[in-house]
Amino acid sequence: MTPSLADLLRELMRALPNDTEAPSLPEPLAAVALRPLPVGRWQRLSLLGTLQAKIAAAYAFYWIRSWFQNAEDWERLRAAVHWRTALRLLDSMGYLRGAVMKVGQTLASFPDIVPREFVETLDRLYFDAPPMHWSLLREMVRNELGDDPENIFASFDRRAFAAASLGQVHRARLTTGEDVAVKIQYPSIARTIHADFGNLYLCLLPGRLAKEWEQHKKVLDDLRMRLEQETDYQAEGRFLAKVRPLFHDQDGIVVPRVYPQHSTAKVLTMERVEGVHLDQYLASNPPQEQRDEFARKILRALYRMAYAGRLLYADLHPGNFLFLNDGRLGVIDFGFMLPIDDELWTLFQRIERALRTGRRDDRIAAVKEWAWITEDPADTERLRLCEEYTAWAWRSRYEEGPFDFGDEGDFRRGIELLTELAMRHYSPGRPCTGVILRMDFGVRSLLYRLQARIDTRAIAKEEAKSHGLGP
Amino acid sequence: MRVTAETKAATREQIVDAARRLFAANGFGATTTRAIARAAGIAAGTLFNYFATKDAILACLAADAAAAAQLEFEKMTGQADSFEEDLFGYVAVGLRKLKPLRKHLTVLLETALCPLAATTADEVQSLRLAHLETVACLARKHHLGELPPMALQLYWTLYMGVLMFWVTDGSPKQEDTLALLDHSVAMFVGWLRREGKRETPAEGEP
């Protein structure tokens, strides 16, 4: 018996995922469903996204979540009232769409620590990110590289061994014998992100007169830039090719080779680096000297990229580093790199010279220049906080001898200062400040977990000197 | 002169070949049955002994593509770990084979293939039945039992939605369709599993 139209529509609606408010059906069918006209602001927002907006959401959450993995030892801050509101909203929508904005605010407010409730919400949404099964993967490889994986590679592991920026990584071997890691992106993410941000900006236009508009826009721009860059594997391939020659055998730092003939904007084939991630490494109870050596390599890699490559390694989370058996450090993800232009470079050098003296007056002058802080008495508190935060962040650079990055009290102090800055909605200053803060906290959390005691100042000096930047 | 079955089949093949060429060169809308007949080397009226309408010729081309997809899919069978994966693979192979007809399919999707169509041509009917039979076989293979009529109708509706989206998909290499197909398959299988649970009473229940 053929089911009636009413039965069919009812079942169609029931077939929709539970957490999706707006039907994710192709238009001809969605039109049949005769949805009521959306009237509320959030309803309008919820109808904005394309079908794949949800994937973008899952991606954004995946990305944030990666910072919090294994962060049990960290103090979880309690959520502020507006946070809870945002969460409830996010939860009820179960969809990114308008919530991109909230994610942006989140990033601005708490670069590395979030309340437990938020992490839990992220976890749930994260699991909605669809892994690609073999049939989909084969179609993507066919689309991108022109043939089935079995015909392009000598061998190709059907099971992914790691998650990537909205995609996954598979082990494979080239026909020429090299072992490679093939990163494959879920279809249509990049375009969706672009389209959704366009919609989001349009939708937020009525709010442009609000006090926080500029701040929100900067955060959104930052988020958009990051998402767009991370979904362009060709750009990542170019960064890899630029960074790899900066390191030599004696550095003990490995950056994988890219195989351009097997790479596109959505497929990135690179040399396979075999090593373990931070957790696994720490679980083996490595001795202090070995941990310190890895910490030195992490810092050396970052300084080298900045001084020699004029690139900020903006995607700093533990998953991007591999600890190799032979003591080498693998740096494997270049999804988000921020190039430093000449103007910024000159400013960086000036600020760095001032901050590494360790003198308070120099620091105040540098902070004022960086964050455009005036003599206005209204700026006094902002100056005080920014100066204190900078003193904390730079202490390892101006104090002689090894610095104890494992000092919990000191680490917490940094978190408190940053949280206070965010809670007071102090403008971060230069547009790249958010990236630098995330980088700062990313590296501090890595070194904290390694319980490293190393002389940062000596490494920075050595790197600067070898690139003609003087003492 | 008696027209043998072989001659009939050959003429039919000529018509279909000519139509394939003309649709590709000029589009479905700009191709007339008269032009097809001329290209096939037959009289205009003779064409109607074989196909009642231009749509029927298109349906025949679609059925040929579906049959080729079926053969290719059968070669791949056994590789998939799950029903979702198999189903996705089956539809994806079909899309690949239907690709030369992509721009012209709208007319079939809006009429004969439409989930709510009351009557359909033989070619379309067999295409639909063959496709649904394969889906039902895959469900059995993955221990999901016999698919009820509602499940098949729901599947067909989603499948047609994917095809409808695909014919106008402007994304590079129609990658948006892949994402939509993945979602639609997940949606359908999710519904199927929920239905299965609902209909199987828990232990101890009457």
**Complete:** Shielding of A:180-186 by other chains, given as the mean Cβ count within 10 Å, works out to 1
**Estimated [θ] at 222 nm from DSSP helical runs (n ≥ 4, -39500 (n - 2.57)) normalised by residues in chain B, nearest 500** = -23500 deg cm²/dmol
**Fill in**
With label points set 7 Å from each Cα along the Cα-to-Cβ direction at B:ARG34 and A:ASP326, the distance between them in nm comes to 7.8 nm
**Asked** In terms of modelled amide H atoms, which long-range or inter-chain residues lie less than 5 Å from the amide H of A:LEU312?
**Response** A:LEU338, A:ILE340
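Would you mind finding the longest exposed-site-free stretch of chain B, with exposed GluC sites (Glu not before Pro) meaning DSSP loop and at most 11 other Cβ atoms within 10 Å?
Details: sites that count: B:GLU146, B:GLU203.
It works out to B:1-145.
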**Request:** Let me see the pair-distance distribution of the range B:1-51: every alpha carbon pair, 10 Å bin width, integer percents in order.
**Result:** 27, 55, 15, 3
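Pairs of alpha-carbon atoms within less than 8 angstrom and 6+ residues apart define the contacts here; what relative contact order does chain B have, in percent?
Details: 146 pairs, mean separation 37.2, N = 206.
Relative contact order here is 18 percent.
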**Request:** Would you mind working out the magnitude of the charge dipole of the range B:55-199 relative to its Cα centre, with +1 at each Lys and Arg C-beta and -1 at each Asp and Glu C-beta, to the nearest 20 Debye?
**Result:** 140 debye
**Item:** Nearest 10 degrees, 0 to 90: helix B:149-167 Cα axis against chain B principal axis
**Value:** 60 degrees
**Asked** Highest mean first, what order results for B:178-185, A:298-305, A:398-405 on Cβ atoms within 10 Å?
**Response** B:178-185, A:298-305, A:398-405
**Fill in**
For A:VAL180, the residues 5 or more places away or on another chain with a placed amide H closer than 5 Å to its own amide H are A:ALA172, A:ARG173, A:LEU174, A:ARG272
**Prompt:** Roughly what would the spin-label model give for A:ASP179 and A:ASP361, points 7 Å off Cα along C-beta, in nm?
**Reply:** 5.9 nm
**Message:** Of A:ALA354, A:ALA314, A:LEU324, which is farthest towards the positive pole of the range A:294-368's charge dipole, taken about the Cα centre with +1 and -1 on the beta-carbons of Lys, Arg and Asp, Glu respectively?
**Reply:** A:ALA354
**Message:** 7 Å from Cα along Cα→Cβ at both A:LYS465 and A:ARG395: what's the point-to-point distance in nm?
**Reply:** 2.6 nm
**Asked** What list of ³J(HN,Hα) couplings, whole Hz, do you get for the range A:356-372 from phi and the Karplus terms 6.51, -1.76, 1.60, once you set θ to phi - 60° and write x for glycine and proline?
**Response** 7, 6, x, 7, 4, 4, 4, 5, 4, 4, 5, 5, 4, 5, 5, 9, 6
**Prompt:** Other chains' Cβ within 10 Å of B:167-177 residues: what's the mean?
**Reply:** 5
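Please work out the ratio of the alpha-carbon Rg of the range A:240-331 to 2.2 N^0.38 Å and round it to two decimals. Display every interim value, and only then the final one.
Working: Rg = 13.8 Å, N = 92, 2.2 N^0.38 = 12.3 Å.
So the Cα radius of gyration is 1.12 times the expected 2.2 N^0.38 Å.
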**Message:** Sort A:308-314, A:384-390 by packing, meaning the average of other beta carbons within 10 Å per residue, with the highest value first.
**Reply:** A:308-314, A:384-390
**Message:** I'd like the Karplus ³J(HN,Hα) series for the range A:139-144: coefficients 6.51, -1.76, 1.60, θ = phi - 60°, whole numbers in Hz, and an x wherever there's a Gly or Pro.
**Reply:** 5, 5, 5, 4, 4, 8
**Request:** Mind putting a number on the dipole of the range A:273-471 about its Cα centre? Charges go on the C-beta only, +1 for Lys and Arg and -1 for Asp and Glu, and I need it in Debye to the nearest 20.
**Result:** 260 debye
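So if R0 is 51 Å, what FRET efficiency would A:GLU274 and B:THR53 give, r being the distance between their Cβ atoms, rounded to the nearest 0.05?
Working: r = 62 Å, r/R0 = 1.22.
That gives a FRET efficiency of 0.25.
Give the calculated FRET efficiency between A:GLN288 and B:ALA130 to the nearest 0.05, with a Förster radius of 56 Å applied to their Cβ-Cβ distance.
Values: r = 69 Å, r/R0 = 1.22.
Efficiency, rounded to the nearest 0.05: 0.25.
Sort A:144-150, A:281-287 by the packing proxy (mean of other Cβ within 10 Å over each peptide's residues), most packed first.
Peptide ranking by packing, descending: A:144-150, A:281-287.
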**Asked** How crowded by other chains is B:86-98, given as the mean number of beta carbons from other chains within 10 Å of each beta carbon?
**Response** 2
**Message:** So, R0 is 56 Å and r is the distance between the beta-carbons of B:ARG21 and A:ASP341; what FRET efficiency does that work out to, to 0.05?
**Reply:** 0.50
**Fill in**
With Cα coordinates, the longest principal axis of chain B makes an angle with the long axis of helix B:54-76, in degrees rounded to 10, of 50 degrees
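How much length is gained if the chain between A:ALA154 and A:ALA378 is pulled fully straight, taking 0.36 nm per residue apart and subtracting their Cα-Cα distance, in nm to one decimal? Please list the in-between numbers first.
Details: separation 224, 0.36 × 224 = 80.64 nm, distance 6.60 nm.
So the chain would gain 74.0 nm between A:ALA154 and A:ALA378.
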**Item:** Backbone N under 13 Å from the A:ALA265 label point (7 Å along Cα→Cβ), restricted to the range B:165-179
**Value:** B:171-176
**Asked** Amide H neighbours of A:GLY167 under 5 Å, counting only residues 5+ apart in sequence or on other chains, H built in-plane at 1.01 Å?
**Response** A:TYR186
**Prompt:** Given chain B reduced to its alpha-carbon atoms as identical point scatterers, what log10 I(q)/I(0) does the Debye formula return at q = 0.15, 0.16 Å⁻¹?
**Reply:** -0.98, -1.08
**Asked** Which links in A:LYS242/A:LYS368; B:LYS8/B:LYS141; A:LYS183/A:LYS461; B:LYS8/B:LYS97; A:LYS183/A:LYS465 stretch past 29 Å when you go from one Cα to the other?
**Response** A:LYS242/A:LYS368; B:LYS8/B:LYS141; A:LYS183/A:LYS461; A:LYS183/A:LYS465
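Read-outs: derived from the displayed coordinates by stated rules, not from any lab. No experiment lies behind these values; they were computed from the predicted model shown. Cβ atoms come from the backbone with ideal geometry, glycine included; neighbour counts cover every protein chain shown.
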